[in-house]
Amino acid sequence: MMYERCLGTHIVIRHTRDRFYTDIAGVRAELKYSIKDGVMTIHSTRVPKELGGQGIGKLLAKAALDYALLNGQFIVIKCRFVQHYIDKYEPQYAKYILN
């Protein structure tokens, strides 16, 4: 997945079976998740301070949420950052979240 930030900078978000991540200048930011029985559980997001304030956490959250919906999964949020992101920027995802 590729996302574009302001000023035309491209950030490539990759994913494995348990995380979405990006490596920028040798520094990794990541969002950890698991999937079981059609439910994606988002556990944590980690953006090192060197990459902070650039919207990378938001891009990771958006990538994970989009992936869940594209694959017909419901979502459980255990990460406060992702919950805040949904509440503030992407309230349309709320209907897919299990409490």
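The values are calculated or read from the model by the stated rules, or taken from the named source; none is laboratory data. Please read these numbers as outputs of a predicted model, since none were measured by experiment. Reconstructed Cβ throughout: ideal geometry from the backbone, glycine too, with neighbour counts over all protein chains shown. The protein model used for the area step is the full one, side chains on, heavy atoms only, and it has no ligands, DNA or RNA in it. Shrake-Rupley method; radii C 1.70, N 1.55, O 1.52, S 1.80 Å.
Assorted remarks:
- Candidates Leu31, Leu51, filtered to the one that is touching a Ser or Thr at 6+ places or on another chain (Cβ under 9 Å) and surrounded by fewer than 21 Cβ atoms within 10 Å (Cβ to Cβ): Leu51
- Failed condition for Glu90, given (1) surrounded by 11 or more Cβ atoms within 10 Å (Cβ to Cβ); (2) at pLDDT below 95; (3) under 18 Å from Arg28 (Cβ atoms): (3)
- Cross-chain or 6+ apart pairs with Cβ under 8 Å, region 1-21 first and at pLDDT 70 or above, then of a type in the set (A, V, I, L, M) and open to solvent by 100 Å² or more (accessible area, probe 1.4 Å): His10/Met2; Ile11/Met2; Val12/Met2; Ile13/Met2
- Restricting region 14-33 to residues that are of a type in the set (A, V, I, L, M, F, W, C) and in a strand (DSSP E or B) leaves a set whose member that is nearest to Ile77 (Cα to Cα) is Leu31.
- Residue in region 57-76 that is at pLDDT 95 or above, part of a loop (DSSP other than H, G, I, E, B), loosely packed, with under 12 Cβ neighbours inside 10 Å and not polar (S, T, N, Q) present: yes
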